[in-house]
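Notes to accompany the following structure.
The values are calculated or read from the model by the stated rules, or taken from the named source; none is laboratory data. What you are looking at is a predicted structure, and each value in this text was computed from that prediction instead of being measured. Note that we place each Cβ from the backbone using ideal geometry, even for glycine, and neighbour counts take in every protein chain shown.
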Amino acid sequence: MFTLTGSPVTFSGLLILFGWCLIWTVRDLLASMGLIGASRPAQHAWAITVSQCCHVVMSLVMLAMVPRSWWMPFSSAITEPVLIGVFAAGTLWMAAMAVWRMSWLAVGHTLMFGAMAWHLSAMAGMSASMGSEHSSMGGMGSTGGHDMSGQMGGQMSGLTLVTGIGLPLMVALVILGISGLVRTATAKAPHPGVASCCHVAPTSRATARLSGLTDAAMGFGMAWMSAGLMSPLLPFMAHLHP
């Protein structure tokens, strides 16, 4: 996706954000199993553990997507259709958690996983579009200009549709990031006294701050990474990857 020489600010920033997310989600996964920190959650421990597994996978894949040298072998070993299916399943799981426990944070996590499925789908669509464009360029001698312009117009309309779907997801990611910053500053749990099944509930002011910081890092990091995919609809966003 990125290189240190081509996009040094984006490369370094996303590595820091997603690296922290991976560290904290692994910590929360171990806490959900009672291996570190407080005792294992008394209510719905199995559901919280499954949710934390989803968060670890999300953080790991997002981190792998940052350096191009990591993403190419990763996506060769686990293809994009498989990853899209994994995050679609994660979206359904988080949606079920949101309905089960009526948690606004679970709604945010549902949109976050949906944004990841959209991101991977958009990447696959753009790769297919670029491959089709190269094929069309190679066959210019045997096809008419009208056919080629029509094909390129169809590709652009498809990309605009993809980015149009992603726009509300981008807004949701920014809102999730802002809410995470608020929780970091206030040290308040998202649902005090309520057992949420989409994550491990903070047990202290420190863990509440770090949990909020993780949601902020993931929300803002995903929005930042996805900015380039929005450029067909919002061209200025192509400049957000210095």
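Here are the numbers for this structure:
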read-out	value
Residues that are at pLDDT below 80 and surrounded by 13 or more Cβ atoms within 10 Å (Cβ to Cβ), drawn from region 151-187	GLN151, MET152, GLN155, GLY158, LEU159, LEU161, VAL162, THR163
Some residue of region 85-100 being outside any helix (DSSP H, G or I) and among the hydrophobic types (A, V, I, L, M, F, W, C)	no
Pairs with Cβ under 9 Å, 6+ apart, first in region 86-102 and more than 15 Å from ALA115 (Cβ to Cβ) and without any contact (Cβ under 8 Å) to a residue 40 or more places away in the chain, second of a type in the set (A, V, I, L, M) and surrounded by fewer than 19 Cβ atoms within 10 Å (Cβ to Cβ)	MET102/VAL194
Extreme residue, nearest to HIS44 (Cα to Cα), among residues of region 83-123 that are modelled with pLDDT under 90, surrounded by 21 or more Cβ atoms within 10 Å (Cβ to Cβ) and not small (Gly, Ala, Ser)	LEU105
Residue satisfying condition, being over 17 Å from the mean Cα position of the chain (by Cα), aliphatic (A, V, I, L, M), over 26 Å from SER179 (Cα atoms) and modelled with pLDDT of 50 or more, within set MET148, MET126	MET126
Residue that is farthest from the chain's Cα centre (by Cα) [pool: residues in region 1-30 that are among the aromatic types (Phe, Trp, Tyr) and under 19 Å from ASP215 (Cβ atoms)]	TRP24
Any pair with Cβ under 6 angstrom, 6 or more apart, that starts in region 188-213 at a residue that is surrounded by 21 or more Cβ atoms within 10 Å (Cβ to Cβ) and ends at one that is among the acidic types (Asp, Glu) and at pLDDT 90 or above	VAL200/ASP28
